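Read the structure below first, then the notes.
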Amino acid sequence: MAIGSVVALAGGVGGAKLTQGLAAVLESGKLTVVVNTADDFEHLGLYICPDLDTVMYTLCGLNNLEAGWGLELESWNFMEALQEIGSETWFRLGDRDLATHVQRTYRMHANDKLSDITADFCSTMGTDVRVLPMSDDPVRTIVDTDIGPIPFQEYFVRLGCSPKVCGFEFEGIQTAVFNPLASESFNAQDLRAVIICPSNPYVSIAPILSLAGARNQLRNIAAPIIAVSPIVDGQAIKGPAAKMMRELGCNPSALSVAQEYRDIVDGFVIDNKDAAEARQIEEMGQRVLVTDTIMTSITVKKRLANNIMDFANEIQARNI
Ligand code: FO1
């Protein structure tokens, strides 16, 4: 059993899987997950937080494995009824998942903070992991593409990531405040490691690191910061990260991801398939762990989480 607290930065599915492994190997109550909220949007009057919900549902063992988002044991009566009355149906909200969005929207209208609503959901759904939105203020990713700027969910779901990407904007990032609870967790006396999960570096992790003060705070903490590559063998494990990299003129590789994080990361975790890239990453000043990073079962998730914590201890011991 690992002693001390750990903070993970996460986006959707890849991040959620690693947090599940970490939650299983760390002491109860010692994991904080800071989650990207720049994918959030208002749809049909509802406040939708895809990454927060994916992390929360996964940690509670309630996630829909088949879809990769939403709740297990889902039914789709609401969507069918929407279709019958000629409403938009490109973004699919399951009947059970709908309850989360309705309750969240209801509480947001009553001026409750997203952090408090998320904490209440986590406690009622059954996890002691502290799941924190990166900010209580709205930040929205706009994808700059060859056909113009597109709000993130329209790009991702409605257009199936087909437009060619030329950049990203995070609307609201200048005024949004980095969640003070996240900031506090970086300063915890017993902090053992900060882990950047295998999430999309451009649209999941970059919004978190772009909040005023977040990147600087990370540069100054004593505990090791370890990132896990979301790219394995030139492919994203899930999602459009590799396609985005190619379109931005960057080779899709673990090495390219390591370069994105070079100013903050002490250790970088790559898959066995990318072992040949280890030397170049080490030459950039990062320590490298080569291991199995494809999380196909809870056993692999736990093994990866344990390997990352051992790696963090090793880095810490050498830095003392
Ligand atoms: N992703 C899809 O590809 N299609 C959907 O219809 C869809 C619905 C959806 C509903 C609720 C939710 O929380 C997530 C949903 N997602 C859907 C996933 C999500 O939009 C993306 O995977 C993330 O934003 C990227 O991390």
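The values are calculated or read from the model by the stated rules, or taken from the named source; none is laboratory data. Note that the structure is a prediction, hence the values are computed from the model and not measured. Glycine also receives a Cβ, built like all others from the backbone with ideal geometry; neighbour counts cover every protein chain displayed. Protein only, heavy atoms only, side chains kept; ligands, DNA and RNA dropped before computing areas. Shrake-Rupley method; radii C 1.70, N 1.55, O 1.52, S 1.80 Å.
Worth pointing out:
- With respect to being away from the ligand (no atom under 12 Å from the Cβ) and crowded, with 24+ Cβ neighbours inside 10 Å, LEU31 fits the description.
- Among residues of region 168-195, those that are among the charged types (D, E, K, R) and without any contact (Cβ under 8 Å) to a residue 24 or more places away in the chain, counted: 1
- Among the residues listed as VAL143, VAL194, the single one being surrounded by 21 or more Cβ atoms within 10 Å (Cβ to Cβ), within 14 Å of the ligand (Cβ to nearest atom) and not basic (Lys, Arg): VAL143
- Taking the numbered list (1) of a type outside the set (Gly, Ala, Ser); (2) within 15 Å of VAL35 (Cβ to Cβ); (3) touching a residue at least 40 places away in the same chain (Cβ under 8 Å) in turn, VAL165 passes all entries but (2).
- Flag for ILE264 being more than 16 Å from the ligand (Cβ to nearest atom) and in contact with an Asp or Glu (Cβ under 6 Å, 6 or more places away or on another chain): no
- Some residue of region 7-18 being at positive phi and at pLDDT below 95: no
- Output for region 14-25, where each listed residue is surrounded by fewer than 24 Cβ atoms within 10 Å (Cβ to Cβ) and either outside any helix (DSSP H, G or I) or among the aliphatic types (A, V, I, L, M) (or both): ALA23, ALA24, VAL25
- Boolean, ASN200 is on the phi < 0 side of the Ramachandran plot, within 13 Å of the ligand (Cβ to nearest atom) and polar (S, T, N, Q): yes
- Within region 149-191, the set of residues being on the phi > 0 side of the Ramachandran plot and within 16 Å of the ligand (Cβ to nearest atom) comprises GLY160, CYS161.
- Within region 81-104, the set of residues being near the ligand (Cβ under 8 Å from one of its atoms), open to solvent by less than 70 Å² (accessible area, probe 1.4 Å) and not in a helix (DSSP H, G or I) comprises TRP90, PHE91, LEU93, GLY94.
- Looking across region 148-188, the residues that are closer than 17 Å to ARG246 by Cα and open to solvent by 60 Å² or more (accessible area, probe 1.4 Å) come down to PHE156, SER162, LYS164, CYS166.
- Residue ID - least open to solvent (accessible area, probe 1.4 Å), chosen from residues in region 105-137 that are farther than 28 Å from SER5 by Cβ and touching a residue at least 24 places away in the same chain (Cβ under 8 Å): THR105
- Output for region 1-15, where each listed residue is out of contact with any strand residue (DSSP E or B) (no Cβ under 6 Å at 6 or more places or on another chain) and within 14 Å of the ligand (Cβ to nearest atom): GLY11, GLY12, VAL13, GLY14, GLY15
- The sole residue among LEU18, LEU62 that is away from the ligand (no atom under 11 Å from the Cβ) and farther than 20 Å from ARG104 by Cβ is LEU18.
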